[in-house]
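Down below is the structure, laid out as structure tokens.
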């Protein structure tokens with residue numbers, strides 16, 4: 001791992017372009033997953049040092065806060081539109097993926113919390129592999145099928161409403 005890890009560079013789009021924002025968030029997911037994989041290898045080689053503690057805290061922050069907000073955005077604004085368009089099977093698959101990601105994250109959190117606290121813990125390879133694999137299959141489905149379908153034929157007022165709602169929920173969670 002490098003001495004300084006830059007993880008959360010903001011996407012170039014904002015909530016005024018909600019579907020582009022959702023796709024841009026996937027780059028942050030990819031970087032966070034990459035950091036998680038590098039972190040596991042780093043801990044195996046070097047133990048839980050300062051770099052590992054910082055990286056674990058970064059991964060926890062992303063998947064505890066931004067990840068659930070992202071999934072909620074999709075479940076509020078993407079999945080219902082897919083169902084309305086007759087793409088219920090795709091919506092069900094994505095929602096099932098979200099549930100499995102949540103389940104896997106709950107299992108990943110304890111070792112990451114330990115590492116963030118400077119304590120040794122085992123993060124099983126198969127658990128990490130399952131988590132990264134589900135995301136690797138999930139994100140292209142959203143980017144290539146779900147987001148374009150959900151965004152199709154939406155007028156500016158609807159797009160603005162979605163962006164305002166996404167922003168308001170995040171501001172409300174910080175209070």
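None of the figures in this text is laboratory data; all of them are computed from the coordinates on show. What you see is a predicted model; the values in this text were computed from it and never measured. Positions of Cβ are generated from backbone atoms using ideal geometry, with glycine treated the same way; all protein chains shown enter the neighbour counts.
Relative to the dominant Cα principal axis of the chain, helix 18-46 is inclined by about 10°. Rg/Rh for the chain stands at 1.00; both radii use Cα atoms, and Rh follows the Kirkwood definition.
If the chain linking residue 24 and residue 154 were pulled fully straight, counting 0.36 nm for each residue of separation and taking away their Cα-Cα distance, it would gain 44.9 nm. Here the spin labels are modelled as points 7 Å beyond Cα on the Cα-Cβ line, and at residue 53 and residue 106 they lie 3.0 nm apart. A protection proxy built from the mean count of other Cβ atoms within 10 Å ranks the segments 65-71, 105-111, most packed first, as 65-71, 105-111.
Both radii are taken from the alpha-carbon atoms of segment 18-57; with Rh as the Kirkwood radius, Rg/Rh is 1.18. Only alpha carbons enter this Debye calculation for segment 75-175, each as an equal point scatterer, and the log10 of I(q)/I(0) it gives at q = 0.25 Å⁻¹ is -1.22. Estimated from the Cβ-Cβ distance and a Förster radius of 30 angstrom, the FRET efficiency linking residue 92 and residue 171 is about 0.45.
Nearest 500 deg cm²/dmol is fine: what mean residue ellipticity at 222 nm does the chain get from its DSSP H runs of n ≥ 4 alone, each adding -39,500 (n - 2.57), divided by its residue count? Don't skip to the end; give the middle numbers.
Values: 8 runs with 127 residues, N = 175.
When only DSSP H runs of four or more count, the value is -24000 deg cm²/dmol.
For segment 18-168, calculate the relative contact order in percent as a whole number, restricting contacts to Cα pairs under 8 Å that are 6 or more residues apart. Mind dumping the intermediate values first?
Working: 106 pairs, mean separation 50.2, N = 151.
Answer for segment 18-168 is 33 percent.
Peptides 46-53, 24-31, 57-64 ordered by packing proxy, namely the average of other Cβ atoms within 10 Å per residue, highest first: 57-64, 24-31, 46-53.
The C-alpha atoms of the chain define a longest principal axis, and helix 88-116 lies at about 20 degrees to it.
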